[in-house]
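Following: one structure in structure tokens, then a few remarks.
Laboratory data are not the source of any read-out in this text; all were calculated from the coordinates shown. Computed from a predicted structure; not experimentally measured. So basically every Cβ, Gly included, is an ideal-geometry build from the backbone, and we count neighbours across all protein chains shown.
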Amino acid sequence: EAQVTQNPRYLITVTGKKLTVTCSQNMNHEYMSWYRQDPGLGLRQIYYSMNVEVTDKGDVPEGYKVSRKEKRNFPLILESPSPNQTSLYFCASSPALGNQEKNTEAFFGQGTRLTVV
Amino acid sequence: AQTVTQSQPEMSVQEAETVTLSCTYDTSENNYYLFWYKQPPSRQMILVIRQEAYKQQNATENRFSVNFQKAAKSFSLKISDSQLGDTAMYFCAFMSMEYGNKLVFGAGTILRVKS
């Protein structure tokens, strides 16, 4: 079954304690990205990766890091979490944008509810 | 920069009736895609329908259809014969060829279907 798997689904942590949210996809997609969802703001892109070892900032990258050492994995790292990073996080993957319509579909993970106290 | 606006924070509809969710967007691009995603209480993001900007024909998927007005930059979602399972947050999203696979989302509309 084609899927994007995020872990954990829920996480409560304290300010300053480093954490990692994992993301893995089994569809051999080139493109992966992280979004955060906040009330009244929809989903906003944090970081994205076009392929292995290629990452770039999205619209709200401050306080986050990512890595893409393998095609299937794209972890999100919060080196020193702060309360303003309390949010719902989604990982998504899709094939590289091309001429085929199917390449436009993004597959999302189940979401990670993060609370920083 | 591309922006997506959903002007209806919340809507409600009676079961079996029809409801329309509004979405407008701003872009200078000519080639792009538009999407409606459904997010039920489970938080899962589910693709409802997709529209390619180069296609004049409005997309339909069973009870879901869109009214795509390219000149007006409008992309509304019509849900016919509403069902209790349609209760969810609905997001309108934009993807352009220039920015690759990046999705730009609206703020969302909470839809409640009442029995």
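Antiparallel beta bridges, as assigned by DSSP with both residues in the range B:3-114, represent about 85 percent of the total such bridges. The local environment of A:Pro81, defined by Cβ-Cβ distances under 14 Å, has a net charge of +3 under the rule Lys, Arg +1 and Asp, Glu -1. The string of couplings for the range A:67-84 from the Karplus curve (6.51, -1.76, 1.60, θ = phi - 60°) is 8, 9, 8, 10, 5, 7, 10, 8, x, 10, 10, 10, 5, 9, x, 10, x, 6 Hz, one whole number per residue in order, with x for Gly and Pro. Its Cα gyration tensor gives the range B:53-94 an equivalent ellipsoid, and the semi-axes of that ellipsoid, as √(5λ) in whole Å with the largest first, are 22, 12, 8.
Rounded to two decimals, the Cα radius of gyration of the range B:1-56 over 2.2 N^0.38 Å is 1.35.
Cα-based radius of gyration for the protein assembly as shown, normalised by 2.2 N^0.38 Å, reads 1.01. Among residues other than B:Phe91 with Cβ under 15 Å from its Cβ, the summed charge is +2 (Lys and Arg +1, Asp and Glu -1). Among all lysine pairs in the range B:3-114 that are eight or more places apart or on different chains, how many have alpha carbons less than 23 angstrom apart? Step by step, the pairs that qualify in the range B:3-114 add up to 14. The Cα atoms of the range A:38-88 give a gyration tensor whose axes a ≥ b ≥ c have a/c of 1.5 or more with a/b greater than b/c, which makes the shape prolate.
Send over the Kirkwood Rh of the range B:3-114, from the inverse of the averaged 1/r over different Cα pairs, rounded to one decimal Å. Each step should come with its number before you reach the end.
Working: mean 1/r = 0.0712 Å⁻¹.
It works out to 14.1 Å.
Using only the C-alpha atoms, the convex hull of chain A corresponds to 100 Å³ per residue.
Other residues whose C-beta falls under 11 angstrom from the C-beta of A:Val60 contribute a net charge of 0, scoring Lys and Arg +1 and Asp and Glu -1. Once the Cβ-Cβ distance of A:Asn7 and A:Ala96 is raised to the sixth power relative to R0 = 25 Å, the FRET efficiency obtained is 0.45. For chain A, relative contact order (Cα pairs under 8 Å, six or more residues apart, normalised by length) works out to 35 percent. Over the range B:9-55, what is the mean sequence separation of C-alpha contacts under 8 Å (at least six apart), divided by residue count, expressed as relative contact order in percent? With pairs under 8 Å counted, the relative contact order is 31 percent.
Spatially close Lys pairs in chain A, defined by Cα atoms under 20 Å apart and a spacing of eight or more places or different chains, total 8.
Spacing of the modelled spin labels on A:Lys18 and B:Gln69, each 7 Å from Cα toward Cβ, amounts to 5.3 nm.
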